[in-house]
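The structure under discussion appears below in the form of structure tokens.
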Amino acid sequence: MIADHIRAAVFLISDGVLPGAKGRDSVCRLVIRRAARFGEKIGFTEPFLGDVADAVFEVMGGHYTELLDKADVIKRTITREEERFRRTMDAGLAELNAMLDELGEGELLPGDKAFYLKATLGLP
């Protein structure tokens, strides 16, 4: 899953799509962030997706030489988005934990607060 998502991100960025909030840019951001989440689940604690992109350049670069021409920019873009996502997760989880601490035993987090965490803070 990580390799597939980073391959998609590499090609998107190579074609001029940058991680963002709207349209096709949001697709690029989504695949990078989803790969980062899966990496975190298997124990990666530091940005690693730029290194995974090297495998894409190695395998696909012979056929798609523009990837090699843009490799540094692509890796920087992926790493920057991964770092942004880690900051988003840290802030969102801190807010979630504060909300959970305010709940009484057996209480559920209200839907409007969950929506705020997703829509405003970007917490998946």
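What are the residues in segment 85-124 that are open to solvent by 50 Å² or more (accessible area, probe 1.4 Å) and in contact (Cβ under 8 Å) with a residue 40 or more places away in the chain, if any?
Matches in segment 85-124: 124 only.
Could you go through segment 10-25 and let me know if any residue there is small (Gly, Ala, Ser), open to solvent by 30 Å² or more (accessible area, probe 1.4 Å), modelled with pLDDT of 95 or more and over 23 Å from residue 122 (Cβ atoms).
yes
So which residues in segment 50-79 are surrounded by 14 or more Cβ atoms within 10 Å (Cβ to Cβ), touching a residue at least 40 places away in the same chain (Cβ under 8 Å) and under 18 Å from the mean Cα position of the chain (by Cα)?
52, 53, 56, 74, 77, 78
The values are calculated or read from the model by the stated rules, or taken from the named source; none is laboratory data. Computed from a prediction, not measured in an experiment: that's the story for all the values here. Glycine gets a Cβ as well: all are built from the backbone with ideal geometry, and neighbour counts include every protein chain shown. All accessible areas refer to the heavy atoms of the entire protein, side chains included, with ligands and DNA or RNA removed. Shrake-Rupley method; radii C 1.70, N 1.55, O 1.52, S 1.80 Å.
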